[in-house]
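Data block below; observations after.
Every number in this text was worked out from the coordinates using simple rules, so none of it is lab data. Everything numeric here is computed off the predicted structure, so don't read it as measured data. In this analysis, Cβ positions are derived from the backbone assuming ideal geometry, glycine residues included, and neighbour counts consider all displayed protein chains.
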Amino acid sequence: MNATKRRNDNANQPRVKRNTRAGQSASFVDLVKLHRRIARDSASRLLQTPASSLVTLFVVAVALLLPALLFGLNSNLASLLAGFQNSAQVTLYLQDSVSEADGEEISNDLLTRNDIENAYYVSPSQALDEFGASSGLEDLLTEMTANPLPGAIVLTPSDVSSVAVDELARQLQKLSQVDVVQIDSLWLQRLAAISNLVSAIGRVLAVIVILGLFFVVGNTIKLAIENRKAEILVIKLVGGSDMYAARPFLYTGLLYGLGGGVLATLLQGIVLATFNSNLEVLMRLYESDFQLRGFGLMSSLLIIVAGATVGWTAALMASLRHIRAINP
Amino acid sequence: MIKFDNVSKRYADGQEALSDISFEVSRGEFAFITGHSGAGKSTLLNLILAIQTPSSGQLIANGVNLNRVSTSQIARHRRQIGTVFQNHQLLHDRSVYDNVALPLEICGYQPNDAARRVRAALDKVGLLNKEKSFPDALSGGEQQRVGIARAVVNRPSIILADEPTGNLDPALSAEVMKIFQQFQSVGVCLLVASHDAALIERLNCRTIVLEGGKLLADQKPRPQA
């Protein structure tokens, strides 16, 4: 308060010594106002050249969209897998010598293990009935003199990850009464491996895209700096630092990143809607009501924040490099 | 305040723009630099602004050794110097007000404080009614006065001026010199490159005469009668 008053008193008087440390006399609110003005100025400059700004915005959006779609589809695949994973089953085919009573007992023993969620015994005759019912070959089967099917224990592991299921299968194989252990979720594991591959591709693509964005935004900023070379020169002549001169360009980069991110989330909505109408037909054939989900609020925010971060950082690197090269 | 000690400036092509210049200008001193075009006046001002660095000799301005300065030091150094450029160096997409406010914005002044200083500076050069105009709408003389307002708005400790009255009529020239003298009276060090012989004669200031990059004469003001 005192300092302000003193400055007011001699505002019109020339004075030799004064502190010229930047930012010292401006309050936080003033700084926010200043930045808001620079941001508005950067935005209005983008609007002055709507066509080229829009092209850059679309390039940024499409670049963000590609890995985002891949991650999105993969998370859909993962959730689809999760639905099936609860039904992961391991079937123990028992030796022919094991009686029904022994089979029941083994099944009950297995239930006490905490890595097994559920287990039930299927006797050879039950198995034959089920097979007959599901295959429609009952008549044929009644003519058979001996039952070729072994007794079996069907169990659901409590941990359905492929590592845990494999380990469980390995342990159960050691039981003397067990003939063959069959994991019914092998196809599930294959699908999970594919899902992992897709997400690995997504990560590589994301890295490539970020590098590409650095190039696109950096080049756009470079052109903008070329166009405002005279202005930067004047700013430097009256004592503006490189960082001061870079500020408007940082906002330009930030706006490209933000706008590109928002556009990318809108585009993915359109893409998913297109997929869903086709998927619905397919899924109806499979009697499923599965639908592709959008990115969700968090993922959308993540895309926008990622875009803004890349835009700002690319602008920072480009502008400091090119502004440093401009000298009176 | 400004001290040249055997300073020479040679360009890459071997041409010597300044050779072995030594002089000192102290606080509150008003000195003209004069000489034909090509005598080295602009080079001398460029050295003080750290636009160029001396090839040899030592140059200290405002306590800063200009032989060795970092980029950030240069920016800080220039904030202490008000410069009137021969070609004005105004921003053509900003209003007169914003042009004059630029040094204050760079230093991070409060908007209210800055507004008062900008209006005071514009008032001094008689352009208060043009604060919303853009430089392109102004005459050469008016643009020059905007440049002068921008040079003094930050109340620098050194004012450099390259032909500040080149586009001004005698009455306005006298007005500008009066502003400069006001700053001189509060201890600002002024170095003005000019070849307006009549003006220099009338103001009776110290005059440094350059010729072909050499210091030809360093005339002290005549004793007042």
Protection proxy ranking, peptides A:148-156, B:193-201, average beta carbon neighbours within 10 Å, highest first = A:148-156, B:193-201
Helix B:96-107 sits at what angle to the longest principal axis of chain B, using alpha carbons and giving 0 to 90 degrees rounded to 10?
-> 60 degrees
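Tell me, what does the Kirkwood hydrodynamic radius of the protein assembly as shown come to in angstroms if you use every pair of distinct C-alpha atoms?
Details: mean 1/r = 0.0330 Å⁻¹.
Roughly 30.3 Å, rounded to one decimal.
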For chain A, what is the largest minus smallest coordinate of the Cα atoms on each principal axis, given in angstrom and ordered from greatest to least?
-> 117, 44, 33
Each residue of region A:135-145 in order: what ³J(HN,Hα) in whole Hz does its phi give by Karplus 6.51 cos²θ - 1.76 cosθ + 1.60, θ = phi - 60°, with x for Gly and Pro?
-> 9, x, 10, 3, 4, 5, 5, 4, 7, 6, 7
Over what distance in Å are the Cα centres of region B:36-86 and region B:104-169 separated?
-> 21 Å
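Taking Rh as the Kirkwood radius computed over C-alpha pairs, what is the Stokes-Einstein D of chain B at 25 °C in a medium of viscosity 0.890 mPa s, expressed in µm² per second?
Details: Rh = 17.9 Å.
This corresponds to a translational diffusion coefficient of 137 µm²/s.
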By the mean-Cβ-within-10 Å protection proxy, highest first, A:215-221, A:50-56 rank as A:215-221, A:50-56
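Multiply the residue separation of residue B:211 and residue B:70 by 0.36 nm, subtract the distance between their alpha-carbon atoms, and state the gained length in nm to one decimal. Display every interim value, and only then the final one.
Working: separation 141, 0.36 × 141 = 50.76 nm, distance 3.12 nm.
Going from the current span to full extension adds 47.6 nm.
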XL table B:130/B:178; A:33/A:222; B:3/B:220; Cα-Cα > 24 Å flagged, in table order, is A:33/A:222
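Per 0.36 nm of contour for each residue apart, how much would the distance between residue A:28 and residue A:321 grow if the chain were fully extended, relative to their Cα-Cα spacing? Provide the component values of the computation, followed by the final result.
Values: separation 293, 0.36 × 293 = 105.48 nm, distance 2.84 nm.
Taking 0.36 nm per residue and subtracting the Cα distance, the gain is 102.6 nm.
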Other-chain or far-sequence residues with amide H under 5 Å of residue B:30's (modelled H) = B:190, B:206
Placing each pseudo-label 7 Å from Cα in the direction of the beta carbon, residue A:182 and residue A:100 end up separated by a distance in nanometres of 2.2 nm
Modelled label-to-label distance, residue A:37 and residue A:229, 7 Å Cα→beta-carbon offset: nm?
-> 2.8 nm
Reachable lysines from residue B:132, Cα under 17 Å, same-chain residues fewer than 8 places away excluded?
-> B:124
What's the angle, to the nearest 10 degrees (0 to 90), between helix B:111-124's Cα axis and the longest principal axis of chain B?
-> 70 degrees
Write down the radius of gyration of region A:89-184 and its Dmax, each obtained from C-alpha positions, in Å.
-> 14.2, 43
Work out the mean other chain Cβ neighbour count within 10 Å for the residues of B:108-118 and drop it here as an integer.
-> 5
Given H placed 1.01 Å from N in the peptide plane, which residues other than close sequence neighbours of residue A:122 have an amide H under 5 Å from its amide H?
-> A:152, A:153, A:154
Pop out the ³J(HN,Hα) list for region A:188-202 in order, Karplus 6.51 cos²θ - 1.76 cosθ + 1.60 with θ = phi - 60°, rounded to Hz; leave Gly and Pro as x.
-> 5, 5, 4, 5, 5, 5, 4, 4, 5, 4, 4, 6, 5, 4, x
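Under the definition of partner shielding as Cβ atoms of other protein chains within 10 Å of a residue Cβ, what is the mean value for peptide B:72-84?
Details: counts 3, 0, 4, 11, 5, 2, 7, 7, 5, 3, 2, 3, 0.
Rounded to a whole number, the mean comes out at 4.
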Could you work out which residue, out of A:60, A:29, A:122, moves most in a Gaussian network model of chain A, that is, has the largest mean-square fluctuation with Cα springs under 10 Å?
-> A:29
Using a Gaussian network model of chain B with C-alpha springs under 10 Å, which one of B:108, B:141, B:212 is most mobile by mean-square fluctuation?
-> B:108
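Provide a whole-number value for the mean count of partner chain Cβ atoms within 10 Å of the Cβ atoms in peptide A:227-238.
Details: counts 0, 2, 0, 5, 5, 0, 2, 10, 6, 5, 9, 19.
Counting Cβ atoms of other protein chains within 10 Å of each residue's Cβ and averaging gives 5.
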About its Cα centre, region A:89-184 carries a charge dipole, from +1 on Lys and Arg Cβ atoms and -1 on Asp and Glu Cβ atoms, whose size in debye to the nearest 20 is 300 debye
Taking placed amide H atoms and a strict 5 Å upper bound, the residues 5 or more places from residue B:218 or on another chain that come that close are B:209
So what J values fall out for region A:65-75 if you push phi through Karplus, 6.51 cos²θ - 1.76 cosθ + 1.60 with θ = phi - 60°, rounded to Hz, Gly and Pro as x?
-> 5, 4, x, 5, 4, 4, 5, x, 4, 5, 5
Per GNM of chain A with C-alpha springs under 10 angstrom, the most fluctuating residue out of A:141, A:65, A:188 is A:141
